[in-house]
Protein chains: 2
Amino acid sequence: MENFVFHNPTKVLFGQNTLASIGPETALLGKNILLVYGRESIKKNTIYTQVTESLSQAGVSVIEHGGVRSNPVLSHARAGIELATKHKVDAVVAVGGGSVIDSAKAICAGALVDHDVWKFFIGKKSIREALPLACVLTLAASGSEMNSGMVLTNDETRTKLGFANRHLFPRVSILDPTATFTVPGSYTAYGAVDAITHLLEFYFTTELEETPIQDRLTEGLVLSIMESCEQALAHPTGYQARARLMWAATLALNGLTSAGLGKIGFPMHLLEHPLSARYDVPHGAGLSVIVPAWLTWQSRRNPKKIAQFAERVFGIQNGDTAASARTGIAALKGWFEKIGSPVSLAQIDVPQSALPLLAEDAMAQAAIWRMREYDKGRILEIYNCL
Amino acid sequence: MENFVFHNPTKVLFGQNTLASIGPETALLGKNILLVYGRESIKKNTIYTQVTESLSQAGVSVIEHGGVRSNPVLSHARAGIELATKHKVDAVVAVGGGSVIDSAKAICAGALVDHDVWKFFIGKKSIREALPLACVLTLAASGSEMNSGMVLTNDETRTKLGFANRHLFPRVSILDPTATFTVPGSYTAYGAVDAITHLLEFYFTTELEETPIQDRLTEGLVLSIMESCEQALAHPTGYQARARLMWAATLALNGLTSAGLGKIGFPMHLLEHPLSARYDVPHGAGLSVIVPAWLTWQSRRNPKKIAQFAERVFGIQNGDTAASARTGIAALKGWFEKIGSPVSLAQIDVPQSALPLLAEDAMAQAAIWRMREYDKGRILEIYNCL
């Protein structure tokens, strides 16, 4: 175990009929808020109505800022910052998945500074305060509802960057599994892949030899995400499966599974971001292409941990570490296919010829994340495993 | 999954050389503090010196309140409340294990009210505010360093009662595994039994049929506690084992493993408290006697979950649920014996003849905890499995 600080102050209200709490919870943060949401999907079901009625009943006045898209863009966050500043809002309420919550986080941080919010992303400025944020989650995937991270794409430069800062923890997040009943199968699958990838980033990048606590927590969460994702795909309105998928995805990236691992990296996210930035691939779909490739590359360096994963998650045991690792990677890739998530560049319409450009983009993120071992040579080596 | 609120605001600083942070962290809470600690053991090693020097350097002035004993008593907490009130302290710093931290929590709550602190324990009053608390943990066991619970024994009535309140979360807890290097083998073992029992209380008392996430987290933590306890007993100054034991014990009772389980109980604690209250048995030692007895009784009602535990933790598989459960209970009892923890009343010097009186005490706690199904008949039935 390496030294760590664990401090996650987000209050989570989890379960059925919790949406009605958004009003009273928000009223504790302020009376004048910016409501950030995505496309019209929350208006098709009852989520939008429930949230706005609850806010209204609690005496909270609302400025709307809809239209966040998946792979959220800087320009839209900038527009939100303008609105928040103009109307002097006290707080922000995000209703959506990780894209909406991340946009809202950027607005919370950007509304309190004079400079452009992108300076935080490129490491030119540090966040010292942020407007308080309340979230209503509608997609099990990113974990942003209970962590301090955010990712945005600069739509001028097509650069997708992300980072974490303690001022970005939501004050409160409402997780009602019924709010995910209408998530289509594809996004249910991509969300599961995203959450599993968060777990795998830590599990496979720690430099420590023995991390029994974190390994077991991670393996347990991966198994739970796989099971509940399959169940949710088979029965989209099955409450228990949606609930388990939602909570497991939140726990996958709330600090629990990385605490004590020392230096860790996000190489798979590093390699995926250029895909979704340049080709607007859904993030989880991009990851399900990248993950098997990165694991294949990694298995040449450290097959032992991959073999452990293969054994504990897929029950693969054949005595030979390298062979176990290979079988484990194939099993994970097979599972991605089973849930309908892509596993090749062709399936996400990214041409092989784009790889050198994507590698340049990945290098830019590597510099900011201080993962300088991910130079162009290594990045192309991994992309060539695709 | 049942609905739940998860909100754990405690900041944990974990690792080597973190004791020196107690001064700066405390200074954020106040300049005039009550220092609560136990017997002289922290003065034999360097912990006391490190803490007081750090506080002094941070400009924090200290009123001392040492002498907390294991199975901490109300009279000592009352004395602390008097001191805290007289000196108008801004905050409390606890240096010790669960007994010290729980005493400090009682002082934090009691110092801000006019009535006797015991009224909180018997449910006659609710805590509405408390002094801020900083902890330096010296024993892996109770989890009090990252939760909102506390347990005290009323030394007039010999009643041991406990409860939780959100104002009792420590603001900050410093977990330096080296501070546990000098914990004797017996208390290392009792601490492990205590932490495992916290996990088992939730695991075995949930009324839900399927709780895959919580089950896997729990099984992983139990395995990690068992492994690291054995290693710590073999090499008391082995950093990694002490670190894993410490973090796993904290995670065992910080809300993680119980979230979503619905109604749960603490029957094993209920049945143990009278033993430690009347006979001053170390809490973990009392639990290691009670746990196999409660499981034996429980196995007649629900062997399935115990069989699952037997399989996943001890690798026991024999097809017959009842037999697996029995073998699993024997394996756990055998493990308690292996680490030198008692498994019979005789080993803790409690006479069989005391059981009717102990049952009366347990009933009093059952009433306060609203576990009315634990009537005298059931309690004696379980005690008779001892």
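The values are calculated or read from the model by the stated rules, or taken from the named source; none is laboratory data. Note that the coordinates shown come from a computational prediction; the quantities given were computed from them, not determined experimentally. Cβ placement follows ideal geometry from the backbone for every residue including glycine, while neighbour counts extend to all protein chains displayed. What goes into the accessible areas is simple: the full protein's heavy atoms, side chains included, and nothing from ligands, DNA or RNA. Shrake-Rupley method; radii C 1.70, N 1.55, O 1.52, S 1.80 Å.
Only one entry in A:G30, A:G80, A:G59 is part of a helix (DSSP H, G or I) and either open to solvent by 10 Å² or more (accessible area, probe 1.4 Å) or touching a residue at least 12 places away in the same chain (Cβ under 8 Å) (or both), namely A:G80. Any residue at all in segment A:195-205 that is open to solvent by 10 Å² or more (accessible area, probe 1.4 Å) and either free of Cβ contacts under 8 Å to residues at least 12 places away in the same chain or within 14 Å of chain B (Cβ to nearest Cβ) (or both)? No, every residue in segment A:195-205 fails to be open to solvent by 10 Å² or more (accessible area, probe 1.4 Å) and either free of Cβ contacts under 8 Å to residues at least 12 places away in the same chain or within 14 Å of chain B (Cβ to nearest Cβ) (or both).
Going through B:L251, B:L261 one at a time, which residue ends up being at the interface with chain A (Cβ under 10 Å from one of its Cβ atoms) and either of a type in the set (D, E) or in contact with a Leu (Cβ under 7 Å, 6 or more places away or on another chain) (or both)?
Values: B:L261 fails: at the interface with chain A (Cβ under 10 Å from one of its Cβ atoms).
So the residue among B:L251, B:L261 that is at the interface with chain A (Cβ under 10 Å from one of its Cβ atoms) and either of a type in the set (D, E) or in contact with a Leu (Cβ under 7 Å, 6 or more places away or on another chain) (or both) is B:L251.
With respect to the stated conditions, A:E360 is closer than 27 Å to A:F163 by Cα and part of a helix (DSSP H, G or I). Considering segment A:62-75, the residues that are touching a residue at least 60 places away in the same chain (Cβ under 8 Å) and buried (at least 17 other Cβ atoms within 10 Å of the Cβ) include one that is nearest to A:D102 (Cα to Cα), namely A:P72. Note on segment A:124-185: enclosed strands (runs of 3 or more DSSP E) holding 2 or more residues that are open to solvent by 10 Å² or more (accessible area, probe 1.4 Å) are A:149-154, A:159-164. When segment B:69-107 is filtered for residues that are within 20 Å of the chain's Cα centre (by Cα), hydrophobic (A, V, I, L, M, F, W, C) and over 21 Å from B:T159 (Cα atoms), the ones remaining, listed by number, are B:V92, B:V93, B:A94, B:V95. Taking every residue in segment A:1-16 that is more than 7 Å from every other protein chain (Cβ to nearest Cβ) and pairing it with any residue that is in a strand (DSSP E or B) and open to solvent by less than 10 Å² (accessible area, probe 1.4 Å), at least 6 positions away or on another chain, the pairs with Cβ-Cβ distances below 8 Å are A:T10/A:V172; A:T10/A:S173.
Taken over segment A:255-301, the criterion of being open to solvent by 10 Å² or more (accessible area, probe 1.4 Å) and of a type in the set (S, T, N, Q) is satisfied by A:S258, A:T296, A:Q298, A:S299.
For segment A:319-357, a tally of residues being of a type in the set (S, T, N, Q) and assigned to a loop (DSSP other than H, G, I, E, B) returns 2.
So that you can scan it fast, the table gives a plain yes or no per residue for (1) aliphatic (A, V, I, L, M); (2) more than 24 Å from A:E40 (Cα to Cα); (3) under 15 Å from the mean Cα position of the chain (by Cα):
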{"residue": "A:D114", "(1), (2), (3)": "no, yes, no"}
{"residue": "A:G123", "(1), (2), (3)": "no, yes, no"}
{"residue": "A:A130", "(1), (2), (3)": "yes, yes, no"}
{"residue": "A:T178", "(1), (2), (3)": "no, no, no"}
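Take the residues in segment B:213-246 that are open to solvent by 20 Å² or more (accessible area, probe 1.4 Å) and among the basic types (K, R), then tell me which one is farthest from the other protein chains (Cβ to nearest Cβ). The selected residue is B:R244. Within segment B:263-301, the set of residues being in contact (Cβ under 8 Å) with a residue 60 or more places away in the chain, polar (S, T, N, Q) and closer than 29 Å to B:F4 by Cβ comprises just one member, B:Q298. Scan segment A:112-123 residue by residue and report those that are in a loop (DSSP other than H, G, I, E, B) and in contact with a Phe, Trp or Tyr (Cβ under 9 Å, 6 or more places away or on another chain). Once the filter is applied, which keeps residues that are in a loop (DSSP other than H, G, I, E, B) and in contact with a Phe, Trp or Tyr (Cβ under 9 Å, 6 or more places away or on another chain), segment A:112-123 yields A:V113, A:G123. Quick check on segment B:264-280: of everything there that is of a type in the set (A, V, I, L, M) and over 14 Å from the mean Cα position of the chain (by Cα), which residue is farthest from the other protein chains (Cβ to nearest Cβ)? Checking each candidate, the answer is B:A277.
Here B:E210 fulfils each of the conditions (1) in a loop (DSSP other than H, G, I, E, B); (2) out of contact with any Ser or Thr (no Cβ under 9 Å at 6 or more places or on another chain); (3) open to solvent by less than 30 Å² (accessible area, probe 1.4 Å) apart from (3).
Look at B:K43 and say whether it is farther than 19 Å from B:T180 by Cβ and surrounded by fewer than 19 Cβ atoms within 10 Å (Cβ to Cβ). Please lay out each step first, then the result.
Details: farther than 19 Å from B:T180 by Cβ: no; surrounded by fewer than 19 Cβ atoms within 10 Å (Cβ to Cβ): yes.
In short, no.
When each of B:I368, B:I339, B:I329 is tested for being modelled with pLDDT of 95 or more and surrounded by fewer than 21 Cβ atoms within 10 Å (Cβ to Cβ), the lone residue that passes is B:I339. Filtering segment B:1-27 down to residues that are part of a strand (DSSP E or B) and either on the phi > 0 side of the Ramachandran plot or of a type in the set (F, W, Y) (or both), which residue is least open to solvent (accessible area, probe 1.4 Å)? Only one residue tops the list, namely B:F14.
Is it fair to say B:F4 is modelled with pLDDT of 95 or more, over 21 Å from the mean Cα position of the chain (by Cα) and of a type in the set (F, W, Y)? It is true that B:F4 is modelled with pLDDT of 95 or more, over 21 Å from the mean Cα position of the chain (by Cα) and of a type in the set (F, W, Y). Can you find a residue in segment B:35-43 that is in a loop (DSSP other than H, G, I, E, B), within 14 Å of chain A (Cβ to nearest Cβ) and out of contact with any helix residue (DSSP H, G or I) (no Cβ under 9 Å at 6 or more places or on another chain)? No.
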